[in-house]
Amino acid sequence: MPSAGVYWVKRRELLIVLGGGALVAWPLTARAQQKAMPVVGYLNPARATRQPFAAAFRQGLSDAGFIEGQNLAIEYRWAEDQYDRLPGLATDLVGRNVDLIAAVGGEAAFAAKSATSTIPIFFMAVGDPVGEGLVASLARPGGNITGFSNMIVELMPKRLELLSELVPQAKVIAILVNPSRPGVERNIQYVQEAARAKGVQIAVLRASTESEIDAAFASLVELHVGALIVAGSFVSQREQFVALASHHAVPAIYIYRDYPPAGGLISYGINNLAAFRDAGIYAGKILKGEKPADMPVQRPTKFELVINLQTARTLGLTVPQAILAGADEVME
């Protein structure tokens, strides 16, 4: 018998003789039995060109200790603006037994929710998760889902107020929504309630395709619209909206800050890049073992106002000093 401290290999087992004479067997197959690195399924209805937000989410995961390619794998699924593909993509992620589905937008979140009741789901960029029926409440979402709300709906009255101050002569303000998106009716309701308080009429325009968007803008003159709220998340049609607003000379406010740099007049909402990074940090808690049902839905606390003064001058608008003073960024 070998002396204490001596070891030898026999077939598939590593036998170690400890100082006290105990013999411990450690199978070489134990390494294979250990849990592999966690896998996150990233489900996004947009085109794969929306990489900056995915990068911000990855940065948040990294801040939480999960680095892609080192101790984390990510399966990306992009619907390329074809929302009817989301259920199939979600089912594919479930079939791959990912550890977490990160769903961007209400449609992706609902697709994931329909596909699984056991795999944790983390949503981002959802305007009204309670009103849309994703979660039971913000404080106690319940089930296998939680995430980040971007408060698109609650900010609609503020957008109407800003637009009314910027274009005080506008008696009719249009709100353009995508009827295929969750929460559309609540968007309209919030704006109509705020408009009644200001004595402004609201014209509701519905469009989801490029041709429908063209037709909606073409109807502005007939409806005597003096200003426009772009309420939907028309991420991939940004250039189309900016070009149409310029062509029809209509002042428009947008929900995302990437519109003014592209020539849009004004935007008011959250900083999406910062929100996606914060979402990644929060999602990391699920990978560490926390249950979504016990994790309150997070809401932004900071909102940004961005103004393009060159566009304002082109439209013949004078931006009130109060709006300029409250802007986070003014583009000349």
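Overview of values
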| read-out | value |
| --- | --- |
| Cα-centre dipole for the chain with unit charges at Cβ (Lys and Arg positive, Asp and Glu negative), debye to 20 | 1100 |
| Separation of the residue 322 and residue 291 label points, Cα + 7 Å toward Cβ, nm | 4.9 |
| Degrees separating the helix 156-166 axis from the principal Cα axis of the chain, which is the longest one | 40 |
| Scattering curve values for the stretch 264-328, log₁₀ I(q)/I(0), Debye with Cα scatterers, q = 0.12, 0.26 Å⁻¹ | -0.49, -1.10 |
| Residue 209 versus residue 55: modelled label distance in nm, points set 7 Å from Cα along the beta carbon direction | 3.4 |
| Cα centroid separation - the stretch 242-302 against the stretch 108-159, whole Å | 14 |
| Rounded tilt (10° steps) of 51-63 against the dominant C-alpha axis of the chain | 40 |
| Residue order, fewest to most beta carbons within 10 Å, for 158, 291 | 291, 158 |
| Beta bridge orientation in the chain: antiparallel %, DSSP, nearest 5 | 25 |
| Charge-dipole axis of the chain as Lys and Arg at +1 and Asp and Glu at -1 on Cβ define it, positive-most pick from 209, 318, 129 | 129 |
| Fewest-first sequence of 328, 99 by Cβ atoms within 10 Å of each Cβ | 328, 99 |
| In order through the stretch 92-109: 3J(HN,Hα) via Karplus (6.51 cos²θ - 1.76 cosθ + 1.60), integer Hz, x for Gly, Pro | 4, 5, 5, x, 7, 6, 5, 8, 7, 10, 9, 10, 9, x, x, 4, 5, 5 |
| Table column - 3J(HN,Hα) (Hz), the stretch 244-260, Karplus curve with 6.51, -1.76, 1.60, x for Gly and Pro | 5, 4, 5, 4, 8, 6, 10, x, 9, 10, 10, 8, 10, 6, 7, 6, x |
| Inter-site label distance for residue 332 and residue 73 at 7 Å from Cα along Cβ, in nm | 5.2 |
| Between 0 and 90°, nearest 10: helix 272-287 axis offset from the chain longest Cα axis | 30 |
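Quick note: the coordinates plus some simple rules give every number you see, no bench work behind them. Keep in mind the model is a prediction, meaning the values are calculated, not measured. Cβ sites come from the backbone with ideal geometry, for glycine too, and all protein chains shown count toward neighbours.
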